[in-house]
Amino acid sequence: MFRYCLIIIALLCSFVLKAQKNISLNSYALQAPKGNVILLKNDVSNTEPFSPYSKYELFRNEKLIHSFEAPKSFAEFEKNAGKELAEALKSKFKSVKDNDILKKMLNPSANEIGLFVLSLQYLKAINVAFADEEGNLDSKYKLVAYKGIEKKVMYETTAAIPINKNTVPELVQIKSLDSTINVSWTVNQKAGALLFGEVYRKKVSDKEFIKLEADLLSINDNGTYQFTFQDNSVQPLQGYQYYLQTKDLVGNLSPVSDIAKVTTVDYFKIKTIARFDAQDTTNGIYLHWAKLPGQAYYSGLQLLRSRHALQDFVIIDTLSINDTSYLDTKLLANTQYYYQLRTLLVNDNNYKYLPAATAQAAHENKTAAGLMAPAFIKVTGGKNGVIISWKHAATLDMFAYYVYRGTNPNNMQMISEPVQDTVYTDTTKNLQPGMNYLYAVSTMNNTQR
């Protein structure tokens, strides 16, 4: 499908064909995915391909394989190009007669053709490019030009190896909002060449990448190409992945870039972590915050620490999105610490754009204190057994609670695994009918584990 109207220009220097910028390739013959492609002239923007010579003959290894002559009519061009490309040209020139369009394609005003000259399909249709499917890198080509009885050898050449064959596009930046994603890549390549970029995308939930209906074009003179793609067809709160593959004029593909991952959410609209606070304790600095609402795009929390309020923050841990507290024990005594806590997104490494909650505390060298016991223990009967509940103990480095049962204070035995809640059910299968039971609850911190 000829998608001239979908080509996105990502030029580092703009051009108007012929007047400002010639699009010159590094060879007259280019190795293609199948065989070679031979060009009448290596400047594909040349607006007078059949002047002053009206006919050219192409030889491979001294054997005539093709004649270059201008189409005699627009109908002949349409036969070569196909109806879709011909209709696209007619649409561009609207009321201009068919054969007048052909004249525009073959005379000095051909800069009106614009980006059509960057299509190999178009170049073959006006007979300034030829696909030699039997050619290879050892093939020797000669182009002979004719003007009346005069003839001249224009060039002798072999096919050039694709310049983008071993160059991997490098991801530069990826940003997103609720319904827009922008991705940029660079390619370090031989100066003066012409490259397209093919962009592939998939949702995180999809199995395969699909090629998007757009080609990125980049032309540069200093060997650095920049491809920038804006995707406006994405949905909010979805994870997307992209990669780029460059393609030269004749269809040779480069290796693919690394996969870029992003989630469609406006970073500045993401809910900030609330009530983030830091408190010094015997065993370290205790950090706590309000639990975030459940959102599919959250993947976790990132905790950073520094001894400076505005700089030198380093990541000290990555936490579950469900966590609401953290005990920082790797501290120096009598030192002030500053903390940042921010959310991480699924399939998205742009965490630096996310807002962070902040807190600070000074850690002092304290003598260890005993654990606080649970209070307000309550025992009630239930359908499935005896329900024991209590109030959370004011012990900051809490690991778990343990429940004990007995018939008197002297025969109490632990009956539970570590309980990280404030309620426990002692099932009826463990109890004898008509027996009176006593219950107790103890605490254990992380140091005692």
- request: Output the residues belonging to the stretch 291-329 that are open to solvent by less than 30 Å² (accessible area, probe 1.4 Å) and either modelled with pLDDT under 90 or over 26 Å from residue 176 (Cβ atoms) (or both).
  value: 292, 297, 298, 300, 306, 328
message: I'd like the residue in the stretch 217-235 that is open to solvent by 70 Å² or more (accessible area, probe 1.4 Å) and at pLDDT 70 or above and, out of all such residues, is nearest to residue 245 (Cα to Cα).
response: 226
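To keep it simple, each residue is scored yes or no on (1) modelled with pLDDT of 90 or more; (2) open to solvent by 60 Å² or more (accessible area, probe 1.4 Å); (3) in contact with a Pro (Cβ under 9 Å, 6 or more places away or on another chain).
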position: 165; (1), (2), (3): no, yes, yes
position: 172; (1), (2), (3): no, yes, no
position: 175; (1), (2), (3): no, yes, no
position: 178; (1), (2), (3): no, no, yes
position: 185; (1), (2), (3): yes, no, yes
position: 188; (1), (2), (3): no, yes, no
position: 191; (1), (2), (3): no, no, no
position: 195; (1), (2), (3): no, no, no
position: 200; (1), (2), (3): yes, no, no
- request: Output yes when any residue across the stretch 42-56 is at pLDDT 90 or above and touching a Leu at 6+ places or on another chain (Cβ under 6 Å), and no when none is.
  value: yes
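Matching residues to (1) buried (at least 18 other Cβ atoms within 10 Å of the Cβ); (2) modelled with pLDDT of 85 or more; (3) under 26 Å from the mean Cα position of the chain (by Cα); (4) not hydroxyl-bearing (Ser, Thr, Tyr):
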| site | (1), (2), (3), (4) |
| --- | --- |
| 334 | no, no, no, yes |
| 337 | yes, yes, no, no |
| 345 | yes, no, yes, yes |
| 349 | no, no, yes, yes |
| 352 | no, no, yes, yes |
| 357 | yes, yes, no, yes |
| 360 | no, yes, no, yes |
| 367 | no, no, no, no |
- request: Starting from the stretch 124-137, take each residue that is farther than 21 Å from residue 76 by Cβ and touching a residue at least 12 places away in the same chain (Cβ under 8 Å) and list its partners that are open to solvent by 20 Å² or more (accessible area, probe 1.4 Å) and not in a strand (DSSP E or B), counting only C-beta distances under 9 angstrom and pairs at least six apart or across chains.
  value: 133/34; 137/161
Residue match in the stretch 6-26 (condition: open to solvent by 50 Å² or more (accessible area, probe 1.4 Å), out of contact with any Ser or Thr (no Cβ under 9 Å at 6 or more places or on another chain), part of a helix (DSSP H, G or I) and at pLDDT below 80): yes
query: If we only count strands (runs of 3 or more DSSP E) wholly inside the stretch 81-195, which ones have 3 or more residues that are within 30 Å of the chain's Cα centre (by Cα) and among the polar types (S, T, N, Q)?
result: 181-188
- request: Could you tell me whether any residue of the stretch 255-270 is among the small types (Gly, Ala, Ser) and either crowded, with 16+ Cβ neighbours inside 10 Å or not in a loop (DSSP other than H, G, I, E, B) (or both)?
  value: yes
query: If only one of 115, 143 is within 30 Å of residue 61 (Cβ to Cβ) and either open to solvent by 20 Å² or more (accessible area, probe 1.4 Å) or modelled with pLDDT of 85 or more (or both), which one is it?
result: 143
statement: Residues of the stretch 129-182 being more than 23 Å from residue 251 (Cα to Cα) and of a type in the set (S, T, N, Q), in sequence order, are 173, 176, 179, 180, 182
task: Residue by residue through the stretch 321-347, note down the ones that are closer than 25 Å to residue 298 by Cβ, without any contact (Cβ under 8 Å) to a residue 60 or more places away in the chain and in contact with a helix residue (DSSP H, G or I) (Cβ under 9 Å, 6 or more places away or on another chain).
output: 344
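The values are calculated or read from the model by the stated rules, or taken from the named source; none is laboratory data. All values derive from a computational prediction rather than experimental measurement. Every residue, glycine as well, gets a Cβ built from its backbone with ideal geometry; the counts of neighbours run over all protein chains shown. SASA here: full protein model, heavy atoms, side chains in, ligands and nucleic acids out. Shrake-Rupley method; radii C 1.70, N 1.55, O 1.52, S 1.80 Å.
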